[in-house]
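Down below is the structure, laid out as structure tokens.
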Number of protein chains: 4
Amino acid sequence: MIKVKIIGATGYGGIGLIELLHQHPEAKITTLVAREDVGRRISEIYPHLEGFCDLPILDAEDPQAQASADIVVFSTPDRVGMYQAPEVIANGAKVLDFSGDFRFTTQEAYADYATRHGKDPIHASPDLLGKNAYGLAELHRAEIQAAPVVGNPGCFACSCILGLSPAAKAKLFDPMSVICDCKTGVSGAGKKLAATFHYPARYENMNAYKLAGHQHVCEVERELSLQYGQEVRITFTAHVVPLCRGIMSTLYGQMTQPMTEDEVVALYKDFYKDSPFVRVYGSKAAIGTHCVSRTNYCNLVVSVDERVNRLRIVSYIDNLMKGQAGSALQNINLMAGLPETMGLMRSGMYP
Amino acid sequence: MIKVKIIGATGYGGIGLIELLHQHPEAKITTLVAREDVGRRISEIYPHLEGFCDLPILDAEDPQAQASADIVVFSTPDRVGMYQAPEVIANGAKVLDFSGDFRFTTQEAYADYATRHGKDPIHASPDLLGKNAYGLAELHRAEIQAAPVVGNPGCFACSCILGLSPAAKAKLFDPMSVICDCKTGVSGAGKKLAATFHYPARYENMNAYKLAGHQHVCEVERELSLQYGQEVRITFTAHVVPLCRGIMSTLYGQMTQPMTEDEVVALYKDFYKDSPFVRVYGSKAAIGTHCVSRTNYCNLVVSVDERVNRLRIVSYIDNLMKGQAGSALQNINLMAGLPETMGLMRSGMYP
Amino acid sequence: MIKVKIIGATGYGGIGLIELLHQHPEAKITTLVAREDVGRRISEIYPHLEGFCDLPILDAEDPQAQASADIVVFSTPDRVGMYQAPEVIANGAKVLDFSGDFRFTTQEAYADYATRHGKDPIHASPDLLGKNAYGLAELHRAEIQAAPVVGNPGCFACSCILGLSPAAKAKLFDPMSVICDCKTGVSGAGKKLAATFHYPARYENMNAYKLAGHQHVCEVERELSLQYGQEVRITFTAHVVPLCRGIMSTLYGQMTQPMTEDEVVALYKDFYKDSPFVRVYGSKAAIGTHCVSRTNYCNLVVSVDERVNRLRIVSYIDNLMKGQAGSALQNINLMAGLPETMGLMRSGMYP
Amino acid sequence: MIKVKIIGATGYGGIGLIELLHQHPEAKITTLVAREDVGRRISEIYPHLEGFCDLPILDAEDPQAQASADIVVFSTPDRVGMYQAPEVIANGAKVLDFSGDFRFTTQEAYADYATRHGKDPIHASPDLLGKNAYGLAELHRAEIQAAPVVGNPGCFACSCILGLSPAAKAKLFDPMSVICDCKTGVSGAGKKLAATFHYPARYENMNAYKLAGHQHVCEVERELSLQYGQEVRITFTAHVVPLCRGIMSTLYGQMTQPMTEDEVVALYKDFYKDSPFVRVYGSKAAIGTHCVSRTNYCNLVVSVDERVNRLRIVSYIDNLMKGQAGSALQNINLMAGLPETMGLMRSGMYP
């Protein structure tokens, strides 16, 4: 059994992974670490876990928290995992980090990301940059299998990159013309309380936010540029809408030459023919976030506005699954040499 | 592998069972029958099932629909399964029925139920009454294992009966004093369209309904009376509130003698000590429907209003799981000689 | 024009009153005081008020905050208004308090309330007790008109008292048999952040809370006992369900003698014949919280469970209107000698 | 008093107008006509209207339905009002139509609209085309005052046109570059039942729809082209999200020359300086649909993505108010020679 330790276990990312791993045939959670609720069992805080995971929350300094593991998951904010990763790796484990710390593979790229978002531009473990992998299995499967440290993607970024990579690789669109109009459920903001996520303030409300720039833009531009072989720049708008789980990203690009919807669908299906968690549909399919809710799937709906020669992809994921814990388990499987789909083949439940 | 055929496969009960069985190690769905959508694959109608169940919907008269099965599930309205059950049994299968048809074990009890709800009081297969079992495993485990036909409980009934049976058996309350104040999510009404379940009419609304009498009352009174050894009569109020899944039943009874909350908790825990899907809590526990959502658990919160010597139990279930498909799988397991919990040991997902 | 000053203006109670008063023909807000957001205009915090109320938030010590007013509203927690009321009254104004401070008319009753809820039992302005009125106009119209200080009712209390007073006055039920099963939308908890009201934690969840005792019980028992002429004791259960506005209280009492629904409806209609904001219905009416949402109405649905001779009233209000700001304006009208309905005759909007 | 007759009174548009007009000082509803529920009082169907509007629903052929009125509102589907308008006008009344019938001012424009949406391209009252006005007061105030027949705008169209007209008039963007990414609450689909609007199917779901083309595109392109003085073509995407009321349209255009956000804000404020229902904000403002809910306001948030020189406007309205009944009353006021804002100056209620 692969042993998994989670640092920052009590956030949505941590419990998402616990929920998945208690049913996994080859991996199990062995240690939970967090800064709050130390000493309580995780199932006291989240009663639905009772009988499935009753491990105690340990302080990071607790000797028990030093127990060895095969994979150490940092479900922590930026600039936590980057300080601890080298020691974890030296102890023979691999690192999966949920923050922006290991999503970039050069100091320059990290510094650009950090600067734009008001963070210290100096990476604490620069020696690991270049050895790390960007944890989107559909694009970086082999690197994830080999890397000592993997940066799990941002949830919006995941939906946009999966939605546009086939078109970028085929250079279907003008690289300066891309617009990502993204809508997320409220769980995307995590469990931290805020006036804007108080139920009465949110239940019958929707709004755009972070209009000055969202932290996932760098990831999207980097990955699309890699596919395109040329710089891609996007306009990105984040919106929050009153549901819990789900991202719907509507992605637009000015096409460089006319193509029909059917041609684009075929191109997309071919691109993802070895990716079991991506499904491609034409514009007539009745797809919504409920089709991917509580699963690791990304559903892509392709359409072409022929009047103005514009490509439009609608990308649907569950932000806490394919956008977080599901991708994390997919990465853990790859990092541990297990089949990518292990523990993830579930349909979800409707309604 | 146990072969399961579902009649009425496209309702919430049917797809709930499909979602559970595609992950079950010892049982599988082999045939789907319904009146609508004949000829379409179930995964065309419910895209989340794609790759998990792609069986076609068959007409009941279709020769393929006659294929043998070990268990035939009738996820159909009242007075459908009762006509077909004898033939199914004659062919060597067992029957699990989701309607009121096999929830009563005498013609008199059925007639009383049917009359109160404006249905024909004559049961179509009276020979089966008495051989059938009421499908609440926590109370009728042995009978379910043995019976050729099992009536799956009503969702409200399930929550009330589990909530009050230990107290009934111990005669803790005056049998004429019971009040069941039940709140259900909207999925309890099934997928049939109605003005009252149109999203704009429902999203910020709650109301009591069927104040003249709800069809689950008979079941609750019968089961509680059985436990009590004396007639129990209840006042039952159904309310619908704007969530999708979940029943919260607040159950009141005038106590015949003073008892503390701790004493009642102990009595309840003892009653359910061999029932893995019932969890008992004292009044300080922070339990809500989200703790049981998408699982087969029933969570019971015990309290005593000592000022007026009144027992109060709050019973939480997922109406589509413990209240329907989950109990159904629990019954299928028992009917097939498998462990009761097989395919059901999952934590749910939060949030 | 009646001048109204609000202390604690930025909570839901405060803005509810601002929303009502900007349309009132004879009263207007002249001063807003709060502890947070001092110096900002109220419409910066709540942009929907822009152009309707752009007053600044003043600190309580600010000289401008001392400006005279006809009515001073304390939309503050317990034990704030009771200290300041005497000075306000000495300055010639009347006081309307939203907390528990002036809901009781004797030191003993206040001490009982405060003790049960862990508060200091000594009232800070005992001289005002006995001169104050309980601000439920339907029962205390004349006292409210005359009193220098009025205690606005609790939201749950309002729904229960209106629902049971006619039956209490007619002694229809055994005074020890009453159960109040109350369900509230989330706005009832106010704007204070809490993990349990974080959108993802609440959106698909419902639960009972404060099972050990809710602070509104004292009010309900006092008012029902007054009507009955004998002590009435209730079992009270508070539940929170995922909508924003609305209380649905299902109220049960064991009837002392058989009565039909029609007889009870007639008795209720007679009781409320001079109360324009109470509507009485029989059990066949299709009433829900949406019928009273954003209005000052209380809709009462009467039914009798004749099998066990039990009265059942379902009482619907908007917790922020009839349960708070609406009743407040009704009281302000009475205190100012204006027609009770002024500024309140609106239908609400559907859906 | 202006007398208003509503044809199609029981839909959301009809009751929205009833809710507004019962509080209007100079206009009142005198006649209600519909095809369903004939003979019932409107307040039987919508109990919140009890005491505010208790008029009976009349059949169109009923002699009482022929009573004269000053304004006849057709809250009906396409191709109803166009047949009846000439007679209404001949009788001295003015017509306000909620469908697409009078949104176009030439036969060619109507035919283009109708053809694209599978309707008969022949207008039934071609003589009225050219005399009619497009009912967006902010752009066509004088024409609305003068016209015998006004076509109330589509809800999406209203949000997009208000959002982009100032930029179109100033030719800020490339006319082929516009993208309208629109999100609507569920009430936008009206009260007609559909599987996709059944509460359980909708509550935790969002999706794009009508990807092949939405019926509001023609209106948006026509109005923007008028402002621009040159053909504007848009890519339009409609999405439905799980709230009841609200449209949020995120509007993008490639700028023809660099401008700062502040410059664009100034230009927008100037454009709308005489339009009391449009508010303009910079990108730092915390605006959401809740700021306009249940009001006639349109809030516009301006931002510029300077990295790619792209204009982005987020336009917020209540689809049933500014998007329907609110604009309708604004038009009725203008058509009747009353102040545009009469009966509409309300803040809404929060939360």
Next on the checklist: What do you get for GluC sites (Glu not before Pro) in region B:1-66 restricted to DSSP loop and a cutoff of at most 12 other Cβ within 10 Å of the site's Cβ?
Outcome noted: B:Glu36, B:Glu61
Checklist entry - Do any residues of region C:242-267 lose at least 50 Å² of accessible area when the full set of protein chains is present rather than just their chain alone, and if so which, with a 1.4 Å probe? => result C:Pro242, C:Leu243, C:Cys244, C:Met248, C:Tyr252
Checklist entry - Taking every residue in A:207-214, how many Cβ atoms of other protein chains lie within 10 Å of its Cβ, on average? => result 6
Next on the checklist: Please give the Cα centre distance for region A:246-270 versus region A:1-56, rounded to the nearest Å.
Outcome noted: 39
Next on the checklist: Checking buried surface per residue: for region D:298-346, which residues lose a minimum of 50 Å² accessible area in the protein assembly relative to the chain alone (1.4 Å probe)?
Outcome noted: D:Arg307, D:Arg310, D:Arg312, D:Arg346
Item to check | Residue mean of other protein chain beta carbons inside 10 Å, D:191-198 | outcome: 6
Checklist entry - What relative contact order, as a whole-number percentage, does region A:195-259 give when Cα pairs under 8 Å and 6 or more residues apart are counted? => result 37
Checklist outcome for this item: The aspartates and glutamates whose Cα lies under 14 Å from the Cα of D:Lys273, excluding any fewer than 8 residues away in the same chain, are D:Glu138
Item to check | Relative contact order (%) - criterion: Cα under 8 Å, at least six apart; region: chain D | outcome: 17
Checklist entry - Could you list, bin by bin from short to long, the percent of Cα-Cα pairs of the protein assembly as shown in 10 Å steps? => result 1, 8, 16, 20, 21, 18, 11, 4, 0, 0
Checklist entry - If you look for lysine pairs in region A:117-262 that are eight or more places apart or on different chains, how many of them have Cα atoms under 28 Å apart? => result 13
Checklist entry - Got a sec? Charge dipole of region D:90-133, +1 on Cβ for Lys and Arg, -1 for Asp and Glu; which of D:Ser99, D:His117, D:Gly130 is way out at the positive end? => result D:Ser99
Checklist entry - What dipole magnitude, in Debye to the nearest 20, does chain A give about its Cα centre under +1 on Lys/Arg Cβ and -1 on Asp/Glu Cβ? => result 600
Next on the checklist: Per residue, how large is the accessible surface of the protein assembly as shown? Use a 1.4 angstrom probe and give square angstrom.
Outcome noted: 32
Next on the checklist: At 7 angstrom along the Cα-to-beta-carbon line, where would the label on D:Glu263 sit relative to the other copies? Give the distances in nm, shortest first.
Outcome noted: 3.9, 8.2, 8.2
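Enter the mean number of other protein chain beta carbons within 10 Å of the beta carbon of each residue in B:171-177, as an integer.
Partner Cβ neighbours, averaged per residue: 1.
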Checklist entry - With charges set only on the Cβ (+1 for Lys and Arg, -1 for Asp and Glu), what does the dipole of region D:100-185 come to about its Cα centre, in debye to the nearest 20? => result 200
Checklist entry - If each of C:Glu108 and B:Ser225 carries a label point 7 Å out from its Cα toward its Cβ, how far apart are those two points in nm? => result 4.8
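For chains C and B, what's the summed buried accessible area, probe 1.4 Å, to the nearest 100 square angstrom?
What C and B bury together is about 4100 Å².
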Item to check | chain D: translational diffusion in µm²/s, Stokes-Einstein, Kirkwood Rh over Cα pairs, 25 °C, 0.890 mPa s | outcome: 119
Checklist entry - In nm, one decimal, shortest first: how far is the label point of D:Gly39 (7 Å from Cα along Cα to beta carbon) from the matching points in the other copies? => result 4.1, 6.8, 7.3
Checklist entry - How would you order A:186-196, B:97-107 from highest to lowest mean count of nearby Cβ atoms within 10 Å? => result B:97-107, A:186-196
Next on the checklist: Explain nothing, just compute: Karplus ³J(HN,Hα) = 6.51 cos²θ - 1.76 cosθ + 1.60, θ = phi - 60°, for every residue of region A:198-210 in order, whole Hz, x for Gly and Pro.
Outcome noted: 5, 3, x, 7, 10, 4, 10, 8, 8, 7, 7, 8, 6
Item to check | Carbon + sulfur, % of accessible area of region A:116-266 - ligands and nucleic acids excluded, 1.4 Å | outcome: 54
Checklist entry - When we measure straight from the Cα of B:Lys94, which aspartates and glutamates land under 12 angstrom away, once same-chain ones fewer than 8 places off are left out? => result B:Asp70
Checklist entry - Treating the beta-carbon of each Lys and Arg as +1 and of each Asp and Glu as -1, no other charges, what is the dipole magnitude of region D:1-75 about its Cα centre, to the nearest 20 debye? => result 140
Item to check | Label 7 Å beyond Cα on the Cβ vector: C:Tyr83 copy-to-copy distances, nm | outcome: 4.2, 7.3, 7.6
Next on the checklist: I'd like the trypsin sites (Lys or Arg not before Pro) in region A:258-351 restricted to DSSP loop residues with at most 13 other Cβ atoms within 10 Å, sorted by number.
Outcome noted: A:Lys273, A:Lys284, A:Arg307
Next on the checklist: If each DSSP helix of 4+ residues adds -39,500 (n - 2.57) and the sum is divided by the residues in chain B, what number results at 222 nm, nearest 500 deg cm²/dmol?
Outcome noted: -8000 deg cm²/dmol
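The values are calculated or read from the model by the stated rules, or taken from the named source; none is laboratory data. Remember, predicted model here, so these are calculated numbers, not experimental data. FYI the Cβ positions are ideal-geometry reconstructions off the backbone, even for glycines, and counts take in every protein chain you see. Accessible surface areas use protein heavy atoms only, side chains included; no ligands, DNA or RNA. Shrake-Rupley method; radii C 1.70, N 1.55, O 1.52, S 1.80 Å.
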